[in-house]
Amino acid sequence: MPVGLFRVCLLVITAIVNHPLFFPKENGTIPENTEEIIQKMKEREESLRLEQLRLEQEIADQEATQKALEKAAVVVEEGKEEKVRWDMWTALSMVIFLLIELWRQDFQEGNWQDIGGEEDDMAVLGKAFKGVALPDKAVLASFYEKRILGTTGDMARMREMVEGFADDLLEALRSVCNRDADMEVEDCVGVGSMYENWRVRKPFVCDLIVPFAPPEPYCFRCQTWCSADPFPPDEQGYGTIKVCRADEDATGCICDKTKLGEDMLCLLHSQVSSTRPSSEMEDLLCFKNTQYLDADQVMKWFQIAVTKAWNRISHKYEFDLSFSLLDSPGALKIKFKSGKSIAFNLTPVVQYENSDVYFISHFPRSSLAADIPSSTHWFLTFAVYERRFIQLVSKTLPANACHVSCLQILSFLHGKQCSLTGPSGLTNYHLKTVLLHLLQARPSQDWAPEKLEARLQDMLKFLEKCLHEKKLYHFFIGNGKVPAELGFPIIFQRAEPLNLFRPFVLRRDIYRKMVDTFHEMLRNMSALINEYTVHIPLAHTNGIRKEPL
């Protein structure tokens, strides 16, 4: 029994001693933890390997991107160099093209200025003129004598009557104007076809220009399109007129261009003198809030002044005076009790410096200023110099030269054609410009009276060439060969040539009408001349009998 109890107690003690809660067997879990750690290490190794692969891929992508950028930079740099080379070639090509174009224009201009006595130059022109036969010398002589020559005496009598009345009217105008506030009107000057002795179509209309100047202490300062400040292409041939005080600097003070502070004062100009009331400038016929002379305001003032002047002297005359055309503010008409009438144009102008070039406010019966940019832009007229040039050249030509006869015949035929087919852009001023160019180009002996037919052909061929090229240059502007005896301003001789056909380049309908009218005139020329020509005696076949002009 004791032995058994001892065994039971030993067993219990042994069980208690080996219980894991009292003495845990640490080494017993090692195999399980080691496998788990190994498994985690393998997973970690695999994740690191994947991360390494990803990083290697990113590095490879970055290297590829860097190489692509470097390659693109090289391509761009090569492209820039190529573009620079291409731009250089393009610029060089443009320069060569412009030089060729300038040479071509100079060559063409030299052609009409240097055609001299070379008949072959004119033979290559005039495609539409081919097949058109001019009447012979006898028919032309009879036509000129019967239809045109008889009007010379009528023009002289009308000029004398109109000039006398215009002088009286302007004298009355000066008396009704306020000498301290109104414009000062000078004596009128006759210009145009009536004073150049080539007008043929009735009714005869005298063109008189009236220079005027501002009252003291003001003056006009004129600026043209060929001065220092460039004008847009559509404003070539125009200028502006600024009304300034006589003691004012032409360039203007900086106080007029810069806004001074309230505490600053210009030492040259007081506040009273530098700021002009707008009403004062409007009284001086300037455009609203400017110092630039307004052509519309000038014409309104001139019409009112002429009306007042006529009211003062109307009792002296046995006829009525009225404004004949609404779109021509200076167009006047004398109406006699018998029903007859005489029309003339009285147009105010501003003299350019000390020359006989004038800024004209309005062109009567003309398309030269049909599209005036604004009422502050004035067109320049060289009519006085044109008249002087014709008179100067006429002194060197043979007796009874045919230059005026050519212009009269073409003007008559053009007028008759326009009465049949309607007006066109071609005007008598274009015809006169053609004559001026040929007068300068051809020697004096080529204008002998027996060469009328040949010179008519020259004018028609020259005009057709200009219509084809859409280029008819103003005779004086850009012409360095103007005779020095005329005293023509050098600034206009050095200017770029002014193309009178430029307005028709973009207006194709008017240009087409002008060309069609010209071609119709060529086809109808013989018929029109024969219509106004009677039976020709043999005595007229030897030449053209004219009165001296």
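Points worth noting:
- Between residue 395 and residue 340, the modelled label-to-label distance comes to 3.6 nm, taking each label 7 Å out from Cα in the direction of the beta carbon.
- Accessible area (Å², per residue) of segment 374-430, counting only protein heavy atoms and a probe of 1.4 Å: 32 Å²
- Here each label is just a point 7 Å from Cα along the line to Cβ, and for residue 187 and residue 300 those points are 3.3 nm apart.
- Once backbone amide H atoms are built at 1.01 Å from N, residue 470 has no partners under 5 Å, excluding neighbours fewer than 5 places away on the same chain.
- Taking all protein chains together and rolling a 1.4 Å probe, residue 61 ends up with roughly 80 Å² accessible.
- A Cα-only calculation for segment 458-510 places Rg and Dmax at 13.5, 42 Å.
- Shape category assigned to segment 448-538 from the gyration tensor of Cα positions, a/c cut at 1.5: oblate
- Modelled label reach - residue 516, point 7 Å along Cα→Cβ, segment 409-435 residues with backbone N closer than 15 Å: 418-426
- Pairs beyond 23 Å (Cα-Cα), from 335/432; 137/513; 137/481; 395/432: 335/432; 137/513; 137/481
- Accessible surface of segment 343-457 [probe 1.4 Å, protein heavy atoms]: carbon and sulfur percent: 50 percent
- Reported to the nearest whole Å, the Cα centre-to-centre distance from segment 186-233 to segment 286-339 is 17.
- Each residue of segment 155-168 was assigned a 3J(HN,Hα) from its phi angle through the Karplus expression (A = 6.51, B = -1.76, C = 1.60, θ = phi - 60°), giving 5, 4, 5, 5, 4, 4, 5, 5, 5, x, 5, 5, 4, 5 Hz with x at Gly and Pro.
- For residue 501, neighbours were defined as the other residues whose beta-carbon sits under 12 Å from its Cβ, and their charges (Lys and Arg +1, Asp and Glu -1) total +4.
- The C-alpha radius of gyration of segment 176-232, expressed as a fraction of 2.2 N^0.38 Å, stands at 1.68.
- Taking every Cα-Cα distance in segment 355-505 and sorting them into 5 Å bins starting at zero, the pair-distance distribution P(r) comes out as 2, 8, 17, 20, 21, 17, 10, 4, 1, 0 percent.
- Label-to-label distance, nm, for residues given as residue 157 and residue 7 (7 Å Cα→Cβ offset): 18.4 nm
The values are calculated or read from the model by the stated rules, or taken from the named source; none is laboratory data. Computed from a predicted model, the values in this text were never measured in an experiment. In this analysis, Cβ positions are derived from the backbone assuming ideal geometry, glycine residues included, and neighbour counts consider all displayed protein chains. When the accessible area is computed, the model is the full protein with side chains, heavy atoms only, and any ligands, DNA or RNA have been set aside. Shrake-Rupley method; radii C 1.70, N 1.55, O 1.52, S 1.80 Å.
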